[in-house]
Amino acid sequence: MTTAMAKLPHASPELTARERLAVEVFADASVASAYVAREIAELIREKAAKGETCVLGLATGSTPVGVYAELIRLHREEGLSFQNVVTFNLDEYHPMEPGHLQSYHRFMKENLFDEINIDPANVHIPDGTTAPEDVAAHCEAYERAIADAGGIDLQLLGIGRTGHIGFNEPGSPRDSRTRLITLDKVTRMDAASDFFGEWNVPRRAMTMGVGTILNARRLILIAFGEHKAGIVRRAVEEPITNSVAASSLQDHPDVRFVLDPAAGAELTRCKTPWLLGQIERFGLAWDPPMVRKAVVWLARSLDKPILKLTDEDYNEHGLQDLLSATGGAYELNIRVFKEISRTITGWPGGKPGRPRFVPGKGVSDDNGADAFPKRIVVFSPHPDDDVISMGGTLIRLCDQRHEVHVAYQTSGNIAVFDDEAVRHVDFLSEVASAFSLGEQADRFEQRIASFVRDKKPGEPDSAELRTIKGLLRRTEARAAAKYSGVAEEHIHFQDLPFYETGEVKKRSIGADDVRLTLELLERVQPHEIYAAGDLSDPHGTHRVCLRAILLALEEASKRDLAWRRDLHLWLYRGAWQEWSPEEIEMAVPLSPSEVERKRLAIFKHQSQKDRALFPGPNDPREFWQRAEDRNRQTAELYDKLGLPEYQAIEGFVCWRPRLISARSAGDDA
Ligand code: F6R
């Protein structure tokens, strides 16, 4: 497949009518990154052929990492030279030492500059060590250096959830230049995980201004992931406003947004394409998922139950075509209502003696007899994702006597507060002294306590402290799984190697991660698997964990292993997002007492209780509160659509290759 062919869907002028600047949506982040890298490479070569320098504006953050990796590959394998390249980075925290783990100088060296043949004298990044009184002069000199280099030929941009480009937070004027700014609260929370806690994130940064960025001759903004979808829509489809700096790009003559489907999901062309014209003209069809999406959208927009939607409702809200294709509101409503009703089951693993629950069909006699009890593996990326995201279903599966295994994919050892670890080592030393178990525990405690005392903000933990934190989470996970009804011998700790860096930044997925996953699956030979399918996890750990499973399953298919043939893989969402009713293929209702049991299972994760080290962006609620709110909201939505009213619902989607491929699950942890 060529990169051009991988754009989704074909963007006719009618389809992009609401977009105020050029947008390209690619099949997945890796294809999009390769496309951008190729464009940069072409520009560098074109300029080199004319004996000119190529001036690139560069960004940091998680988004451009794939572009840089591809540029490195082009350098190594296709001889792309960077000798004629001059670079200017958008920004740097202030204050910040260049060698510091979180510095953008270090980021650029590690992710690009050390791996290519660029002349270090051609690299420019604002200097985070500049004394406060010299910052203004430093910023002016930065602007002059850009001008002296002939201006920026191509500027790469990411977008923050505040809509910032560079660090131009809401309120940044369109003519602003390079300067010192105060970071927005949302931005600091987004960066919290890189700094091992929000309190370590610098309050200020130096950034090129919106005006500086707009002076570049060509602009490419990249956005990946569903957490960017809302702000991308505002920047693309709403009028220019200072409160979304990226919207100012609409004024630029040569700008493009490059997205993956998740980041483009809120654009009208993806969310409600029927509002733009006949969907068949866009290469789309009124297939069952599209029909369900449209009907649920209509019911939600009008705040009406599905069965009360009228012909007029459809006609007046851009769904005339759907109506005429399906013969009227009455039939259409009943069809979609029944489809959604069939997703509800109190027997997620199947009922003894009944036919199998099949995604999209529910339970029907055509499905054939079901196995009972089933062997089920619940994969949990971090030690608490299982109970947070599907605790009610986990408890039900155990209560209903299936053989339930839980596999904790990573140790989660970076997400524990130091004082929590110190308290446990203190406990160990008290136990050792109470039972005269020797003085080693005491010495150990002192060593750990003094490491923690001398640790600098943002400094990674020692291997010993990491182990303690990992073990702490391991015992919490074991307690929660046992409380949910999982047998001790069915609790597996995988400690996948990709995670064990001691830093927020993880390694790419490796052969060992996949091998360990396949070995576990071969041992259990499951009928069903549950895995985290949310792709918004700020650190990317969920994505890598899903990829390990998908690659292991690919391998099992290649080997035609018997258990693989009839296997269902159910995806739950992590702590950040939820499936919407039109997507849910299995809805497991929870009674009030099951909600309470689930809460108590989550409480076993004491190190994450009251306040978590990595709470995710801008959400003050504890994990159990988020889980309860989100399960209650799903139940309320079902109720509003006219379906039965439950206390709470956990939703699942059945994995199919078109949904998330092993490749698009990405590996940019
Ligand atoms: C980075 C920068 C920022 C990021 C933005 C998105 O140099 O200027 O604007 O591009 O915060 O960050 P990620 O890619 O980490 O989501």
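When the stretch 67-79 is filtered for residues that are away from the ligand (no atom under 16 Å from the Cβ) and β-branched (Val, Ile, Thr), only Ile72 remains. Answer with yes or no whether Gly128 is under 19 Å from Leu214 (Cβ atoms) and assigned to a loop (DSSP other than H, G, I, E, B). Spelling it out, it is not the case that Gly128 is under 19 Å from Leu214 (Cβ atoms) and assigned to a loop (DSSP other than H, G, I, E, B). Annotation note: Cβ proximity below 6 Å between a residue of the stretch 58-70 that is among the hydroxyl-bearing types (Ser, Thr, Tyr) and a residue that is in a loop (DSSP other than H, G, I, E, B) and more than 11 Å from the ligand (Cβ to nearest atom) (sequence gap 6+ or interchain) occurs for Tyr68/Leu112. Which of the residues spanning the stretch 263-272 are in contact (Cβ under 8 Å) with a residue 60 or more places away in the chain, of a type outside the set (Ser, Thr, Tyr) and surrounded by fewer than 23 Cβ atoms within 10 Å (Cβ to Cβ)? Passing the criteria: only Cys270. Screening Phe82 with (1) part of a helix (DSSP H, G or I); (2) more than 15 Å from the ligand (Cβ to nearest atom); (3) surrounded by 15 or more Cβ atoms within 10 Å (Cβ to Cβ) gives one miss only, at (1). Residues that are more than 30 Å from Glu133 (Cα to Cα) and either outside the structural domain of Ala205 (by TED's automatic domain parsing) or more than 16 Å from the ligand (Cβ to nearest atom) (or both) occur at least once in the stretch 53-63.
What's the total number of residues in the stretch 201-240 that are under 30 Å from Ala137 (Cβ atoms) and more than 10 Å from the ligand (Cβ to nearest atom)? Counting residues in the stretch 201-240 that are under 30 Å from Ala137 (Cβ atoms) and more than 10 Å from the ligand (Cβ to nearest atom) gives 15. Residues of the stretch 141-178 that are farther than 30 Å from Arg45 by Cβ, more than 11 Å from the ligand (Cβ to nearest atom) and surrounded by 22 or more Cβ atoms within 10 Å (Cβ to Cβ): Ser172, Ser176. Quick check: anything in the stretch 46-54 assigned to a helix (DSSP H, G or I) and out of contact with any strand residue (DSSP E or B) (no Cβ under 9 Å at 6 or more places or on another chain)? Yes, that holds for at least one residue.
Of the residues screened, Leu284 is not one that is modelled with pLDDT of 95 or more and surrounded by 13 or more Cβ atoms within 10 Å (Cβ to Cβ). Going by the structure shown, is Gly99 on the phi > 0 side of the Ramachandran plot, assigned to a loop (DSSP other than H, G, I, E, B) and either of a type in the set (Gly, Ala, Ser) or in contact (Cβ under 8 Å) with a residue 60 or more places away in the chain (or both)? No, not satisfied. Could you tell me whether any residue of the stretch 188-198 is more than 15 Å from the ligand (Cβ to nearest atom), crowded, with 17+ Cβ neighbours inside 10 Å and either hydroxyl-bearing (Ser, Thr, Tyr) or part of a helix (DSSP H, G or I) (or both)? No, because not a single residue in the stretch 188-198 is more than 15 Å from the ligand (Cβ to nearest atom), crowded, with 17+ Cβ neighbours inside 10 Å and either hydroxyl-bearing (Ser, Thr, Tyr) or part of a helix (DSSP H, G or I) (or both). Quick one: in the stretch 305-330, of everything that is touching a helix residue (DSSP H, G or I) at 6+ places or on another chain (Cβ under 7 Å) and assigned to a loop (DSSP other than H, G, I, E, B), which residue is surrounded by the fewest Cβ atoms within 10 Å (Cβ to Cβ)? Of everything passing the filter in the stretch 305-330, Gly328 is surrounded by the fewest Cβ atoms within 10 Å (Cβ to Cβ).
The values are calculated or read from the model by the stated rules, or taken from the named source; none is laboratory data. Note that the coordinates shown come from a computational prediction; the quantities given were computed from them, not determined experimentally. For neighbour counting, all protein chains shown are included, and Cβ atoms are generated from backbone atoms with ideal geometry for every residue, glycine included.
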